[in-house]
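Below is one structure, written out as structure tokens; comments come after it.
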Amino acid sequence: MEAILAECVRDNLRHFVHRNAIFMCERLCAEFPSETNLQLLATCYLQNNQAHCAYQILKGAHMAQCRYLFALSCFQMDLLTEAEAALSPSDSSTEVPNGAAGHYLLGLIFRYTDRRESAIHHFNQALALDPLLWTAYEELCILGAAEEATKVFDEGASLCIQKQYLHIALYSQNMRESGEDHDIASSRNLGSSDDSTRQLQTQGNGQRDISRNNHGAPSSQPLNCGSAGLPFYNTPSPMATQSQLSGVAPPPLLRNAQPNGPNVRAFVADNSPRQTVNPTIPGPRRKFVDEGKLRKVSERLFSDSGQRRSMRLAGESVVNTNSFLSVSGNGTSHSSKFLGGSKLTSVASRSFTYRKGQSWTNENAEEGIHHEVHDDSRSSIAATNSSQSVDSRLLEEEGLSRSSGAATLSCSRYNDGASEILSILRFLGDGFRLSCLSRCKDALDVYIRLPQKHYNTGWVLSQVGKAYFEMVDYLEADRAFTLARIASPYSLEGMDIYSTVLYHLKEDMKLSYLAQELVATDRLAPQSWCAMGNCYSLQKDHETALKNFQRSVQLNSRFAYAHTLCGHEHVSLEDFENGIKSYHSALMVDSRHYNAWYGLGMIYLRQEKFEFSEHHFRMAFRINPLSSVIMSYLGTALHALKKNNEALEMMERAILADKKNPLPLYQKANILVSMENLDGALAVLEELKEYAPCESSVYALMGRIYKRRNMHDKAMLHFGLALDLKPSATDVAAIKAAIEKLHVPDELEDDL
Amino acid sequence: MADSSEGEEEGKLTGGNQELVVDEDLQEMAKKAAWSVSSCKPGNGVFSLRDDNLETYWQSDGAQPHLVNIQFQKKVKLQLVVLYVDFKLDESYTPSKISIRAGDGFHNLKEIKTVELVKPTGWVYVSLSGSDPRETFVNTFMLQIAVLSNHLNGRDTHVRQVKVYGPRPNPIPHQPFQFTSTEFITYSILR
């Protein structure tokens, strides 16, 4: 009875029938109370977004997987101390459960409790255990402590992956053998070469034992669910959608008979940002590197196979399921587009889905050969494709792979696969690391070297957009983001930055369209409301904008940019206290969010607290040393502190940093005026006039300088030009007053 | 002390817009100010002047002149006062002669503008600027709008809405002038 119930529950989970799963599981726990079953129940709750239930039932659990799930629930409920205690209890003899995933979760906990060093340590551990745990690398980049991608995603990592795959392959073979895909197996075997069949069978035998062992293993299905939870957590991170998807590493499936590098990776397909529950079941992260964790892996695969079974039952083609399971070329076969054996060879890494609906293969088909595991858009596309087409294609592939197959499980194939994945990851990792360090040009250079099919994906394109945004090249950023929208219209990753780009470009039509689309796509994503807020802010309706940004904060309080935008709106409404609070909240989430440092600097500048202002601008400058805007404001603050020479030096750097930025030149002129170097100032302004001929304040300042030099004609001319360029009402008044006073030089000048 | 032009300025205003249209570089200044009135009928108090609802009105209940006092927390630059009054609806309650005074407080208010309304039918714009460009703005702690007389010699008055506008401050602090061109504006903020 226990076995039936457990299987039923897992089945339901695979099909997302959560209520039934929970109900059945509760009966199971009532009948056979045990930690294993509690784990299963917790999994059901977590899948159904009921972390508090999981929290309650797992209190005091001891098994590794239980502790992991408990920590996950605590994390979701923001009980970070308990989460930490569960994962690494004071008696340090117990190791972190779940290997890489456990370390990753610990890293997140440490990050959000402000213990940066420990967080970095754990993320590094996680990456060492599972080099394909991209989100750990992302977090390291965000913390500013990532090593170069070439060091992380290197040969050692390759070996790691291969080991993982080996285990999975054996396991999946066993799964196959264990009867679910009986007919599939036979049909498949028909086609496959003798060698592979034999191999499969032998491996299968071994696997069967393992799987049976796993059946009872404590680290069972909940593992999957556990990993499911993680993508859940990835949502809060700034790279929300992306991390979520990347967080779910599909169980690698080894294909023996595949001529190509197998590195099959099953993805949890529909990792749509809000459906955190779904993805995990089938494609939990691959966290199991160690031999000792083989059982866990197997268990997971077992659940996957169960899934597959249900898939079959649901009417999918038998072969399809089989192909998922079969080691002999499943991996490639999943990529539906590989109809030709030759094509198979070229595929290095393949993302797979076990479950129906996980049409990763479809994605493969679309995108071509290489699938980057962490490709956001790919997963999304996969999810949307029907499995039917996959099935048929898989069938063909199966046949092909079988016939083509090199029978033996060749390590070289895994090697190839692993290294190909890693090569992609190296690019992406490097690009991301560089853009986190604000070295945007370098990051762009790295991204451009990606193969075309990877470049044209939502994630990469929005990273490119972000890089241009930081370089204040809003037109290019707009272009990149538009392409990203075309590539993955459902993805919200980076769309908050896109809305800011449109805000800067004053494209109110595009911005309102974007905002509406985003809200329609996902009302619960912070990015949608950020875009909406930007829309209102552009129309100067700061109160409504603030409301929208606050909504965004409510949806995800770990989304630093929402806090910063709230801060900007508070400042526009002249509410400096709340502005400061918002900026501080942003910095608590991400202390390298230089926009918040900048915002604080601006507030203090306004309040004339120049030393504070200088400090904050300097912090921003340290984080982003290439931004000419920050440099020019730092210079302004120094000027206000009367440190004119330092100010001038900073302005020079700003001018060099970005030739297109006119502000440092203008500020330089200002500083020169206050240093009584009127001629120098005039020279600078003449140069500036060439560059920005329509800027009223340039002429106004020149007029003022000429007035001080008593060159009244020139002053008059420039004031006139300034007025022609329609300055603001205050300035009109000031300039007109100045003109009046031109002919009364001994009168005291008040506002000039 | 408020800056003001000497003496009174006579001006007759007729008509009135149904739509409130104000320059982009003006912002409403009195959201955080303290509003009070010299007298009111219960149910038609000072709140109706600021509720953005043209159906509700303030009705005075005492002797003329009827006063609307606006006190700011700090000295502000003001440029424009806009009132919504409607002869068709309010007839003898419609204000006819309005005087606007400014100062530091009740003790030193000085008149800066007088207007006469002739059968107004909507938003009436009263500019506070003098002829001198140096007097575009009135820099003051307090503004008082006095209704000196009504149409058809009515005793009490109805005013449906009042808004006070001043210049927007420079979004970039510590600058001598505001920026006008896109290049400057783009590079002047980090969002």
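The values are calculated or read from the model by the stated rules, or taken from the named source; none is laboratory data. Everything numeric here is computed off the predicted structure, so don't read it as measured data. Positions of Cβ are generated from backbone atoms using ideal geometry, with glycine treated the same way; all protein chains shown enter the neighbour counts.
Return the residue satisfying two criteria in turn: it lies in region B:50-87 and is assigned to a loop (DSSP other than H, G, I, E, B) and among the hydroxyl-bearing types (Ser, Thr, Tyr), and of such residues it is surrounded by the fewest Cβ atoms within 10 Å (Cβ to Cβ). Write out each step before concluding.
Just the residues of region B:50-87 that are assigned to a loop (DSSP other than H, G, I, E, B), to begin with: B:50-57, B:60-65, B:79.
Checking the rest, the ones that are also among the hydroxyl-bearing types (Ser, Thr, Tyr) come to B:56-57, B:60.
Values: B:THR56: 18, B:TYR57: 21, B:SER60: 25.
The selected residue is B:THR56.
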State the number of residues belonging to region B:174-191 that are in contact with a Leu (Cβ under 7 Å, 6 or more places away or on another chain) and more than 8 Å from chain A (Cβ to nearest Cβ).
-> 0
Please determine, by comparing only the residues of region B:126-139 that are free of Cβ contacts under 8 Å to residues at least 60 places away in the same chain and under 13 Å from the mean Cα position of the chain (by Cα), which one is nearest to the other protein chains (Cβ to nearest Cβ).
-> B:SER129
Among the numbered conditions (1) surrounded by fewer than 24 Cβ atoms within 10 Å (Cβ to Cβ); (2) over 25 Å from A:ARG426 (Cβ atoms); (3) not aliphatic (A, V, I, L, M), tell me where A:GLN527 comes up short.
-> (1)
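Please work out if A:ASP478 is in contact with a Lys or Arg (Cβ under 9 Å, 6 or more places away or on another chain), surrounded by fewer than 23 Cβ atoms within 10 Å (Cβ to Cβ) and free of Cβ contacts under 8 Å to residues at least 24 places away in the same chain. I'd like the intermediate steps shown before the answer.
Details: in contact with a Lys or Arg (Cβ under 9 Å, 6 or more places away or on another chain): yes; surrounded by fewer than 23 Cβ atoms within 10 Å (Cβ to Cβ): yes; free of Cβ contacts under 8 Å to residues at least 24 places away in the same chain: no.
So A:ASP478 does not fit the description; no.
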Just checking, how many residues over region A:650-700 are part of a loop (DSSP other than H, G, I, E, B), of a type outside the set (Asp, Glu), within 12 Å of chain B (Cβ to nearest Cβ) and free of Cβ contacts under 8 Å to residues at least 40 places away in the same chain?
-> 5
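Residue check: is A:PHE70 surrounded by fewer than 24 Cβ atoms within 10 Å (Cβ to Cβ) and among the aromatic types (Phe, Trp, Tyr)?
On the way: surrounded by fewer than 24 Cβ atoms within 10 Å (Cβ to Cβ): no; among the aromatic types (Phe, Trp, Tyr): yes.
Taking the combined requirement at face value, the residue does not satisfy it.
Give region B:140-173 a look and list any residue that's within 14 Å of chain A (Cβ to nearest Cβ) and either touching a Leu at 6+ places or on another chain (Cβ under 6 Å) or polar (S, T, N, Q) (or both), or say none.
We begin by selecting, within region B:140-173, every residue within 14 Å of chain A (Cβ to nearest Cβ); these are B:165-173.
B:TYR165, B:GLY166, B:ASN170, B:PRO173 - these are the residues of region B:140-173 that are within 14 Å of chain A (Cβ to nearest Cβ) and either touching a Leu at 6+ places or on another chain (Cβ under 6 Å) or polar (S, T, N, Q) (or both).
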List every residue pair whose Cβ atoms lie under 7 Å apart, where the two residues are 6 or more positions apart in sequence or sit on different chains, the first residue falls within region A:37-63 and is in contact (Cβ under 8 Å) with a residue 40 or more places away in the chain, and the second residue, located anywhere, is part of a loop (DSSP other than H, G, I, E, B) and polar (S, T, N, Q).
-> A:GLN39/A:SER220; A:LEU40/A:GLN221; A:THR43/A:GLN221
Hey, among A:SER591, A:SER627, which residue is within 9 Å of chain B (Cβ to nearest Cβ), under 31 Å from the mean Cα position of the chain (by Cα) and at pLDDT below 95?
-> A:SER627
Top-ranked residue in region A:704-733 [being more than 10 Å from chain B (Cβ to nearest Cβ) and buried (at least 22 other Cβ atoms within 10 Å of the Cβ); ranked as farthest from the chain's Cα centre (by Cα)] = A:LYS707
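Would you kindly identify the helices (runs of 4 or more DSSP H) lying entirely within region A:47-159 that contain at least 2 residues that are under 27 Å from A:THR36 (Cα atoms)? Even if it seems obvious, please write down each step before you answer.
Numbers: elements: A:51-58, A:64-76, A:80-87, A:99-112, A:116-129, A:134-143, A:149-152.
Where helices (runs of 4 or more DSSP H) fall fully within region A:47-159 and carry at least 2 residues being under 27 Å from A:THR36 (Cα atoms), they are A:51-58, A:64-76, A:80-87, A:99-112, A:116-129.
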Restricted to region A:485-512, and to residues that are within 18 Å of A:ALA525 (Cβ to Cβ) and not in a helix (DSSP H, G or I), which residue is nearest to the other protein chains (Cβ to nearest Cβ)?
-> A:GLY494
Failed item in (1) closer than 20 Å to A:MET619 by Cβ; (2) surrounded by 22 or more Cβ atoms within 10 Å (Cβ to Cβ); (3) in contact (Cβ under 8 Å) with a residue 24 or more places away in the chain; (4) of a type outside the set (Asp, Glu), with A:TYR583 passing the rest = (3)
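Does A:ARG523 meet the test of being without any contact (Cβ under 8 Å) to a residue 60 or more places away in the chain, over 24 Å from B:VAL22 (Cα atoms), charged (D, E, K, R) and outside any loop (DSSP other than H, G, I, E, B)?
Numbers: without any contact (Cβ under 8 Å) to a residue 60 or more places away in the chain: yes; over 24 Å from B:VAL22 (Cα atoms): yes; charged (D, E, K, R): yes; outside any loop (DSSP other than H, G, I, E, B): no.
No, not satisfied.
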Evaluate region A:601-613: report whether one residue or more is more than 10 Å from every other protein chain (Cβ to nearest Cβ), assigned to a helix (DSSP H, G or I) and surrounded by 23 or more Cβ atoms within 10 Å (Cβ to Cβ).
-> no
